[in-house]
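Written out below as structure tokens is the structure these notes cover.
Bear in mind these aren't lab numbers, they're just calculated from the coordinates by the rules spelled out. If you're wondering where the values come from, they're calculated on a predicted model, not measured in any experiment. Note that each Cβ is placed from the backbone with ideal geometry, even for glycine, and that neighbours are counted across all protein chains shown.
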Amino acid sequence: MGVVAPNGTSVPQFEKALRQGYSGIRFQPQMQALGLACQVAGRPEVSEAQIDSAFNRATRRAMNTGMSYAGLAAIECWRDAGFSYDPNEPAPVDWDTGAVIGTGLGGIDTVTDHLVPGVNNGQAKRLGSALPEQYMSSAVSAFVGGLLGLGGPVSTVSSACATGTEALVEAFVKLKSGVSSRLLAGGAEGTTVYGWAGFDAMRVCCRSFNHQPERASRPLSRTAGGFVPAAGAGILMLETLESARKRGARIYAELVGAATTCGGQRDGGTITAGSPAGMKRCVRLALCSARLPGSAIDYVNGHLTATTGDAKEVDALKEALGPSPASFPWLNATKSMIGHSLGASGAIESVACLIQLNRGFLHPSVNLEDPIPLIACLEAKIPRQSVEVPIKTAMKVSFGFGDVNASVIFAKWDA
């Protein structure tokens, strides 16, 4: 696995931040200068040294932030999986490995920072030939495929906030169908103030804690005022057991179940709000795929965006998983520390799931100072401090605009 998150730009950094409840949300002067009501965001602090060591000079000239985040996470994942990478000596094509990597907004930063200003200033003929490969929706997957020389299927998914998790579901299905032995899967989202501005105009972003950025993301809280926009990437390598055993790979977990649904924008669902029926069906189908009852889930990494959708989500989980409040699984919100990285969120949070599953701890949901009434009976299952807890099964859920849902279930690996 590999990760580029607002509070850690490698898996070891990310794990340390999760354990400490360390927030990567910061005040963003550009958001203030442009007059946005929300002026905080989760922006990965990637150093020039990281960029220089990961990409050669030619590559650096033709990439945007989303591509760089995807590339950094993919390279870390690739090396973690036991493969070598040298930016100055491209490896031969790996015909056994492909990728399913998603993004929600694509290369909007390239469009706003280069394409539109260049065209409007009469410089269209001087834009260069590399811009389309940066703003096409498939930029992140194509970039990773070229970096690593992937010869298997390389594709892109885009399902709003469910994208990162849906990429894992798609990879799961492809592997089961036998089209490839290994697939990199996940999501990436670039730093784009103009993309964030659209959500700010919808009044779904937090605007009450600009002076206290680390307190701005408040899932499950009565004082939650909306989500905090963010950027980053998370990449996992999914592999068939036969392939993993053949090359002696370290196995972090088994992906035992996966599902996607759409609520049809009916019965309470709209293009911006999830249908409770669609959410519950997604969770139940993932359980069916894993051949597990709801009571077998030890921990859920929630979508939990710090909007009015939090209550709807918890209610759906309670109904779909079935247990009484006393046996409800552990629940936490990674977004409380990193904000909502849109198409990358499910992938980054899946990395968080695997870190906790393997290390036997649960990270805190920070800023949960005034819980919504609905979770009063569940508060004991929502950690406010990092706690050491053995976990055997973890579920990641993501619910996105378009009333689309994705869920995956990871099980601790037992050979």
| note | Once amide hydrogens are built 1.01 Å from N within the peptide plane, the residues lying 5 or more places from G257 or on another chain with amide H under 5 Å from its amide H are I409
| query | To the nearest 0.05, what FRET efficiency results for Q30 and C288 with a Förster distance of 41 Å applied to their C-beta separation? | reply | 0.35
| If you count, for each residue, the other Cβ atoms within 10 Å and average over each peptide, how do 366-373, 85-92, 278-285, 385-392 line up from highest to lowest? | 278-285, 366-373, 385-392, 85-92
| List the aspartates and glutamates whose alpha-carbon lies under 13 Å from that of K392, not counting same-chain residues fewer than 8 positions away? | E254, D298, D414
| said: Suppose the chain between Y194 and V387 were pulled fully straight at 0.36 nm per residue; how much longer would it get relative to their current alpha carbon spacing? | reply: 65.7 nm
| task | Could you work out the relative contact order of the range 2-246, using alpha carbon pairs under 8 angstrom and six or more residues apart, expressed as a whole percent? | result | 28 percent
| note | Neighbour-count ranking for R43, R182, R207 (other C-beta within 10 angstrom, fewest to most) reads R207, R43, R182
| ³J(HN,Hα) computed for each position of the range 150-167 - Karplus, 6.51 cos²θ - 1.76 cosθ + 1.60, integer Hz, glycine/proline x | 7, x, x, x, 10, 9, 10, 10, 8, 9, 6, 5, 8, 4, x, 6, 4, 4
| request: Please report M136, M31, M67, M202 as a ranked list, fewest other C-beta atoms within 10 angstrom at the top and most at the bottom. | output: M202, M136, M31, M67
| said: Can you work out the Karplus-derived ³J(HN,Hα) for every residue in the range 3-16? Use 6.51 cos²θ - 1.76 cosθ + 1.60 with θ = phi - 60°, whole Hz, and x for glycine or proline. | reply: 8, 10, 10, x, 10, x, 9, 7, 4, x, 5, 5, 4, 4
| Tell me, what is the percent relative contact order of the chain, built from C-alpha pairs under 8 Å that lie six or more residues apart? | 22 percent
| said: Let me see the P(r) profile for the range 143-191: every Cα-Cα distance counted, bins of 5 Å, each bin given as a percent of all pairs. | reply: 5, 20, 29, 25, 16, 5, 1, 0
| said: Contact order normalised by length for the range 237-323, with contacts defined as Cα pairs under 8 Å and 6 or more residues apart; what percent is it? | reply: 26 percent
| request: Just report the Cα centroid separation between the range 331-382 and the range 2-55, whole Å. | output: 17 Å
| remark: In whole angstrom, the spacing between the Cα centers of the range 141-158 and the range 279-321 equals 31 Å
| note | Footprinting proxy, S295, S141, S10, S129: sorted fewest to most Cβ within 10 Å, the residues are S129, S295, S10, S141
| note | Sorted by number, the cysteines in the chain with no other cysteine beta-carbon under 4.7 Å are C77, C161, C206, C262, C282, C288, C353, C377
| message | Taking a ≥ b ≥ c as the square roots of the Cα gyration tensor eigenvalues, with a/c under 1.5 meaning rounded and otherwise prolate when a/b beats b/c, else oblate, which class fits the chain? | response | oblate
| Radius of gyration and maximum dimension Dmax of the range 253-412, Cα, Å | 14.3, 41
| Debye-sum result for the range 2-246 in log10 I(q)/I(0), which assumes one identical scatterer on each alpha carbon, at q = 0.12, 0.17 Å⁻¹ | -0.72, -1.31
| query | Antiparallel DSSP bridges in the chain: what percent, to the nearest 5? | reply | 65 percent
| task | Using just the helices of the chain, give the 222 nm mean residue ellipticity in deg cm²/dmol: DSSP H runs with n ≥ 4 each add -39,500 (n - 2.57), and the total is spread over all residues, rounded to 500. | result | -9500 deg cm²/dmol
